[in-house]
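Nothing in this text is a laboratory measurement; each read-out follows from the coordinates by a stated rule. Small disclaimer: the values here were computed from a predicted structure and weren't measured. FYI the Cβ positions are ideal-geometry reconstructions off the backbone, even for glycines, and counts take in every protein chain you see.
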Amino acid sequence: MQRNHEKLTLGWLVRHPLVATCILLALTIALPYLRVGERLKLLTFLPVARASGDVAETPYEKLSAQQRAQLDLARERERVSLLETENARLREAISQHDALRSLAPAFAESPLPAAVTARVIFKGDASTWRHCCWINRGRKHGIEDGMPVVAGRSLVGRVFMAGDEHACVQLLTDPGFAAACIIVDPDDPHVDPASRVRAVLRGDGSAMPHFPRLELEDVPAGAPVKPGMHVVTNDYSGQYPVGLSVGVVRETIPQAGFLQVRMEANLDLLTLEVLQVLLHKRPELEKQALALIRRKK
Amino acid sequence: MTAAARAAYPRNREIKWRGRIVIGGGVLLALVHAALLHHLKLEDFTPDLYTVAALFLGLFASRHGRYGPSLVFGLIRDFFSLGLLGSYAVLYSLLHKAAGRAREKFDPERVGNVFIMAVIGTFLVNFGYHVMLALAGDGVGWSRALARCAGTAVATGPLAVLLFPIWHWLLGKCGAKRSGPFWNI
């Protein structure tokens, strides 16, 4: 039988694209820190993002009357939306200030890091599993990969990849999203912070991200969790600042060895127009260890 | 593609529309998925229109393109998605190969066969995607994934029955020629 002695060259890979794609996929899975796929995608998607934001970047004088009117309208909408968000945030802050003060002074009074306000320019994802949106702010505005994204004081997601002027936000319903959380009881403010129930929030790729129903993982069996309790982020991993509101516990189902906790998020992700990217960087390992040691002392 | 199959369906020099259908159709469907389908509030029963189109390519596109068009079609979806680059490309290439085998036994012009192929194809593609998610550490749990994939597949089956005749008609209107059971695309 005659054997085929084809050499493995770049030309061979071009003739066998499926093998090349499998290698790319394997590299992406095995070496996630290289982020090969993300970099390629960013290069491709940015023209689309720029196209959708073209009018905002064209000099005002060059636009037609209709385009100017559209631009003015978009700017006014953004401003109104910003003011409404701020208004709602302030009202919420005023109404909850006293309760949160007595409930958890450690995080309720902690100021949030500086934020960059951004407009959502594209919502949705071509896959039925993943959930993301694109915003009109990027590295030029100080945004980096992994930064938390919020609306008011509610968590929306994190920056997945940042271009110069645009960034992709991974929403909290995406299966790749995870955040350390604590569960607090608004009716029992005098709980020892050390005994609060900790959990991990993971997106489940829910196909309906309207007031998404999420699940908390790693809740031990017998933990004192009941419907109506609030879920907020924890700074255990350093990824998110403590005290960002996530949602409310709706249901608890005891399972073998753990407690299944279903919750409803605070935000309707599809109606979001304006977001804030918190300029919060995940601390390096050494800094995180020092902070933990200081806290124990 | 085997030599016998090449001989059975000689290459038509007038192959056209392939690039436009794969790239234009792919981008259009990706935008429809991203901008429209997520907003329909169908929960787990959101149809997977993109996979129906990939199945159509796998069943009816000229065999001379091999799995290339399906791979490019999948890559376009990957580029418009947050997931691993290449996952849909590999899945649609495999779907192309599976569709090629399936059409040898089942006539893809019959409504019942189209429905069954669409349901099975959509289920396998979505479940395969979840397998890749799980490999990357982002799985949502096997029972939940099975339920979701089944829901998507059931919602997609009737859509394929509706869309396949429309696409055949459109290709005919566009002047694409048929070479045996395949369109010259």
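Please compute the net charge surrounding B:Val90, taking Lys and Arg as +1 and Asp and Glu as -1 over other residues with Cβ under 15 Å from its Cβ.
+2
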Review point. How big is the gap, in Å, between the Cα center of region A:259-286 and the Cα center of region B:142-185?
Key: 37
Revision key, fill the gap. Quick shape check on chain B: root eigenvalues a ≥ b ≥ c of the Cα gyration tensor, a/c under 1.5 is rounded, otherwise prolate if a/b tops b/c, else oblate, and it reads prolate
Review point. A:Lys123: which aspartates and glutamates have alpha carbons under 15 Å from its alpha carbon, excluding same-chain residues fewer than 8 sequence positions away?
Key: A:Asp174, A:Asp268, A:Glu273
Review point. Under the definition of Cα pairs under 8 Å and six or more residues apart, what whole-number percent is the relative contact order of region A:153-205?
Key: 34
Practice item. Provide the gained length on full extension for the span B:Ala147 to B:Leu40, in nm with one decimal, where the gain is 0.36 nm per separating residue minus the Cα-Cα distance. Key: 36.6 nm
Point to revise | Of B:Arg20, B:Arg103, B:Arg63, the one that fluctuates the most in a GNM where chain B has Cα springs shorter than 10 Å | key: B:Arg20
Check your understanding: Remind me, relative contact order of region A:219-297 in percent, using alpha carbon pairs under 8 angstrom and six or more residues apart?
Key -> 27
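For region A:188-297, state which GluC sites (Glu not before Pro) are in a DSSP loop and have at most 10 other beta carbons lying within 10 Å of their beta carbon.
A:Glu284
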Check your understanding: Which distance in nm do the two modelled labels at A:Asp268 and A:Leu31 give, with both placed 7 Å along the Cα-to-Cβ direction?
Key -> 4.6
Review point. Once label points are set 7 Å from the Cα along Cα→Cβ at both A:Arg250 and A:Ile23, what is their separation, rounded to one decimal in nm?
Key: 4.7
Study note, to complete from the structure: Averaged over residues of B:29-37, the number of beta carbons from other chains lying within 10 Å of each residue's Cβ is 4
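By the scheme Lys and Arg +1, Asp and Glu -1, what is the net charge of all other residues having a beta-carbon under 14 Å from that of A:Asp188?
-1
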Study note, to complete from the structure: Inter-chain shielding metric for A:176-186, i.e. average beta-carbon neighbours from other chains within 10 angstrom, reads 1
Check your understanding: Across region B:12-183, how many lysine pairs separated by 8 or more positions, or lying on different chains, have Cα atoms within less than 30 Å?
Key -> 9
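What is the Cα radius of gyration of the protein assembly as shown over 2.2 N^0.38 Å, N being its residue count? Before the final figure, lay out the partial values.
Working: Rg = 25.3 Å, N = 482, 2.2 N^0.38 = 23.0 Å.
Computed over Cα atoms of the protein assembly as shown, the ratio equals 1.10.
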Check your understanding: Tell me, in nm to one decimal, what length is gained between A:His16 and A:Ala291 on full extension, where the rule is 0.36 nm per residue of separation less the Cα-Cα distance?
Key -> 93.8 nm
